[in-house]
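The values are calculated or read from the model by the stated rules, or taken from the named source; none is laboratory data. Since we're looking at a predicted model, the values are computed, not measured. In this analysis, Cβ positions are derived from the backbone assuming ideal geometry, glycine residues included, and neighbour counts consider all displayed protein chains.
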Amino acid sequence: MKLSQLISADQILPEMRAQDHWPAIVELVEHLRFLGRIDDTLEQEILGSLKIREELVSTGIGSGVAIPHAFSENVDQVIAVLGR
């Protein structure tokens with residue numbers, strides 16, 4: 001699967017407001033809800049899964065870059081969003 005198959009132009013946030021790790025993750029997930037890719041209930045579930053994942057091991061890879069990811073049984077496809 002190619003990244004271009006997962007992300008459309010509207011799933012890219014070139015100028016994020018958040019400056020810190022967790023607020024950035026929240027902003028990205030909120031954007032998916034705004035786009036209609038997820039609903040309110042799924043947003044909360046995904047944020048919970050991401051929080052647990054980040055508490056186990058940070059997904060930060062250095063230089064302000066992170067690849068937060070988590071699993072949900074209520075999502076049947078890969079959903080992605082990029083931000084800067």
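Numerical summary
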{"item": "Output for region 55-69, where each listed residue is exposed (fewer than 14 other Cβ atoms within 10 Å of the Cβ) and not in a helix (DSSP H, G or I)", "result": "VAL57, SER58, GLY60, ILE61, GLY62, SER63, GLY64, VAL65, ILE67, HIS69"}
{"item": "Filter result for ASP39 (without any contact (Cβ under 8 Å) to a residue 12 or more places away in the chain and not hydroxyl-bearing (Ser, Thr, Tyr))", "result": "yes"}
{"item": "Only listed residue being under 15 Å from ARG84 (Cβ atoms) and surrounded by 15 or more Cβ atoms within 10 Å (Cβ to Cβ), chosen from LEU32, LEU28", "result": "LEU28"}
{"item": "Residues being under 20 Å from VAL75 (Cβ atoms) and surrounded by fewer than 15 Cβ atoms within 10 Å (Cβ to Cβ) - total across region 13-25", "result": "0"}
{"item": "Per-region count, region 73-84, residues part of a loop (DSSP other than H, G, I, E, B) and surrounded by 15 or more Cβ atoms within 10 Å (Cβ to Cβ)", "result": "4"}
{"item": "Filtered residue count, region 1-29, keeping only those that are in contact with a helix residue (DSSP H, G or I) (Cβ under 7 Å, 6 or more places away or on another chain) and part of a helix (DSSP H, G or I)", "result": "3"}
{"item": "Count of residues meeting criterion [without any contact (Cβ under 8 Å) to a residue 40 or more places away in the chain and closer than 20 Å to GLU15 by Cα] in region 62-84", "result": "5"}
{"item": "Odd one out for ASP10, checked against (1) surrounded by 10 or more Cβ atoms within 10 Å (Cβ to Cβ); (2) under 13 Å from the mean Cα position of the chain (by Cα)", "result": "(2)"}
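Conditions tested, residue by residue: (1) at pLDDT below 90; (2) in a strand (DSSP E or B); (3) of a type in the set (D, E, K, R); (4) closer than 18 Å to PRO23 by Cα.
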residue	(1), (2), (3), (4)
ARG37	no, no, yes, no
GLN44	no, no, no, yes
LEU47	no, no, no, yes
LEU50	no, no, no, yes
ARG53	no, no, yes, yes
PHE71	yes, no, no, no
